[in-house]
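For reference, the structure discussed in these notes is given below.
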Amino acid sequence: MLDLATARMRSTPVPADMAIAPELPASTSNRMPRPFSALLINPFYPKDPRASYGKHVLTPTLALTSIAGATPEHWDVRYWDENLLQGPPPNDPLPHVVGISVHLTFAKRAYALARWYRSQGSTVILGGLHVLSCPDEAAPHADAIAIGDGVQLWPSILEDIERGTLQPRYDANYARPYRLDPAPRRSALPREAFLTTTSVIATRGCHNRCGFCYLATDGLHMPYRMRDVQQVVDEIAADAQPYTVFVDNNLGSRPDYLRKLCAGLRPLGIIWSAAVTIDVTDDPTLVRDMALAGCTGVFVGFESLNAGNLTDAKKRTPAPDDYARRVALLHRYGIQVNGSFVLGFDHDRADVFERTVEWIEANRLECATFHVLTPYPGTPFFRQLEAEGRILHRDWDRYDTAHVVFQPKHMSPEELDRGYAWCYDRLFSHASIWRRRPEDSRAVLAYLAMSYLYKRSNRIWHLLIKHRLTGTVWRPLIEHSRRRHLKLRTRLEHLTDDDGSPRASQCVSPGV
Ligand code: B12
Ligand code: SF4
């Protein structure tokens, strides 16, 4: 029975340092900024106790390592991610330039950091998705804002700072060929703080343009761009990690490219995961190529099991009643599925929660993430809700897909809030984990290990993050998975179309 009434109350308490941003020191004595020193900051955001804390240290954002890679040699560059729980960013010596990445969920924190560093005498540059969607809001908090692709802008910003000719605003589009970008500087990262440091991007953009997605933001024109396969392969090889996470919006938008990429990845012998749309299963031979290239898990934006919701969102996708067959195809090739589901669309009623989780269990999705439908500012969806008077507030902190920020059509905000919490409670319950175990009994142990270690060990994650042990503790497990996957590949090579039995991967897919 659906116990929505108590769902929010069962939420586990979040450790203080995961709920509240570290305190910034009182103003320091007059110090001169150290010339040619730059500090890049990923600001703090509060963690959702429903989801795994592990996802924050699975792999780093590529934004700041990419900016670090574009920094001229004569500049000293440091990286600081406040979410690694090592306190506020460093200020001794005081950096000459501070570059801060801004997403809407941590915009307030980004502005607080900007204020503090500017008060000390640093020059502050703000960039990132939220600066693109709300430039007028961001501009007063910075010496300059960067709109769009920071890799192109960063060297000229630093050059202008050197010359004393800094402009208040820099604009770049996403049209420049990808191969001209320098490689991200991963050496700037604290390697042991992440499960893997190899976050890689091979493509930019998506063949869809769903109304709720940040890709639909006004003024953001992101043509689908693909990097040279060899460049991607070299970058992965150089980081020498067993596991790679592709942070592309949709690695499968161009099946022909994905196939070539798989051919390039296969000799590396690594395992990897990526976000794709479910139409990647249109061609089973592509799924096979992905598995043979080391794909152990995919993150699939199913969004909704209701076709009306998908039509409203303008998402071009196979029909929801064909999802199950497609999930089975991925499972057949040992690819685990992490489904992403958005709750609160206009066709959703009170039964959406139970129906969604039941479907997830029936199709044995190894994992799922739930998101409260969230109108990102600057998107058509935001405008629609605003015109309908359904935006409840503009407290961006709560635009994190874990809080209800608009008036749903067929339920109250409280019902949606409780339903969302209930979905996670049920998904991570012992019963649900057990129901979703792989059909292949040989794969059950590894699946259980993954589910319990990754999803149900938030206390352990807190310790690992705090003491920078994530890499040390997880890497042997991942290496073990990689070896098992190499064996699976040998078997998959001989799998024929008539051989109908599903093959669970028998290895932990860390990204799922
Ligand atoms: C890796 C990732 C994560 C990681 C790490 C996030 C982090 N900040 O540490 C994890 C898994 C923890 C995560 C969590 C979440 N994420 Co996330 N994530 C991503 C992902 C897949 C890749 C980010 C990335 O590396 N991009 C590649 C870089 C190169 O692109 P970029 O970030 O746009 O940076 C470029 C420019 O913006 C600019 N730039 C950026 N920063 C700066 C700074 C300066 C100084 C300058 C000059 C330029 C500049 O230059 C860069 C190079 O061109 C993106 C999707 C995507 N492909 O971008 C989603 C994405 C950023 N996440 C998103 C969301 C919603 C979340 C969550 C809220 C979801 C959830 N409910 O769990 C959480 C919570 C995090 C939070 N509260 O913000 C949304 C953000 C939407 C928005 N409008 O803000 C995205 C866009 C996904 C989506 N399709 O909606 N995420
Ligand atoms: S398919 Fe996913 S990445 Fe592509 S536009 Fe839709 S939500 Fe965005």
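The values are calculated or read from the model by the stated rules, or taken from the named source; none is laboratory data. Everything numeric in this text was worked out from a predicted model, so none of it was measured. Here the Cβ positions follow ideal geometry from the backbone for every residue, glycine too, while neighbour counts run over all protein chains shown. Just so you know, the surface numbers come from the protein's heavy atoms only, side chains and all, with ligands and any DNA or RNA stripped out. Shrake-Rupley method; radii C 1.70, N 1.55, O 1.52, S 1.80 Å.
For the stretch 332-346, the criterion of being farther than 30 Å from Glu439 by Cα and not charged (D, E, K, R) is met by at least one residue. Can you find a residue in the stretch 257-264 that is outside any helix (DSSP H, G or I) and at pLDDT 95 or above? No - not one qualifying residue is present in the stretch 257-264. When the strands (runs of 3 or more DSSP E) confined to the stretch 78-147 are screened for residues that are on the phi < 0 side of the Ramachandran plot and without any contact (Cβ under 8 Å) to a residue 40 or more places away in the chain, those reaching at least 2 such residues are found at 123-127, 144-147.
Taken over the stretch 197-229, the criterion of being in a loop (DSSP other than H, G, I, E, B) and away from ligand 2 (no atom under 15 Å from the Cβ) is satisfied by Thr197, Thr198, Gly219, Arg227, Asp228. Among what's in the stretch 64-76 and is under 13 Å from Ile157 (Cβ atoms) and surrounded by 18 or more Cβ atoms within 10 Å (Cβ to Cβ), pick the residue that is farthest from ligand 1 (Cβ to nearest atom). Here the answer is Trp75.
For the stretch 271-279, the count of residues that are closer than 22 Å to Leu486 by Cα and among the aromatic types (Phe, Trp, Tyr) is nonzero. Considering the stretch 462-482, the residues that are more than 13 Å from Gln86 (Cβ to Cβ) and among the charged types (D, E, K, R) include one that is surrounded by the fewest Cβ atoms within 10 Å (Cβ to Cβ), namely Glu479.
Scanning the stretch 247-287 for residues that are of a type outside the set (A, V, I, L, M, F, W, C), in contact with a Leu (Cβ under 8 Å, 6 or more places away or on another chain) and within 15 Å of ligand 2 (Cβ to nearest atom) yields Asn249, Gly252, Pro255, Thr281. Look at (1) modelled with pLDDT of 95 or more; (2) open to solvent by less than 50 Å² (accessible area, probe 1.4 Å); (3) in contact with a Pro (Cβ under 7 Å, 6 or more places away or on another chain) and you find that Asn42 fails only one, number (3). Taking the residues in the stretch 16-39 that are of a type in the set (Gly, Ala, Ser) and open to solvent by 60 Å² or more (accessible area, probe 1.4 Å) as candidates, determine which candidate is modelled with the lowest pLDDT. This residue is Ser29. Checked against the criterion of being farther than 30 Å from Val405 by Cα, surrounded by fewer than 20 Cβ atoms within 10 Å (Cβ to Cβ) and of a type in the set (Gly, Ala, Ser), the stretch 137-156 contains one or more residues that satisfy it.
Does Arg204 satisfy the criteria of being more than 12 Å from ligand 1 (Cβ to nearest atom) and basic (Lys, Arg)?
When the stated conditions are applied, Arg204 does not pass them.
Contact map, the stretch 362-381: residues that are over 30 Å from Gly334 (Cβ atoms) and in a strand (DSSP E or B) paired with residues that are within 9 Å of ligand 1 (Cβ to nearest atom) and open to solvent by less than 20 Å² (accessible area, probe 1.4 Å), Cβ distance under 8 Å, separation 6+ or inter-chain. Pairs shown: Val372/Ala402. Here Pro95, Pro88 are screened, and the one residue that is touching a strand residue (DSSP E or B) at 6+ places or on another chain (Cβ under 9 Å), buried (at least 22 other Cβ atoms within 10 Å of the Cβ) and within 27 Å of Thr197 (Cα to Cα) is Pro95.
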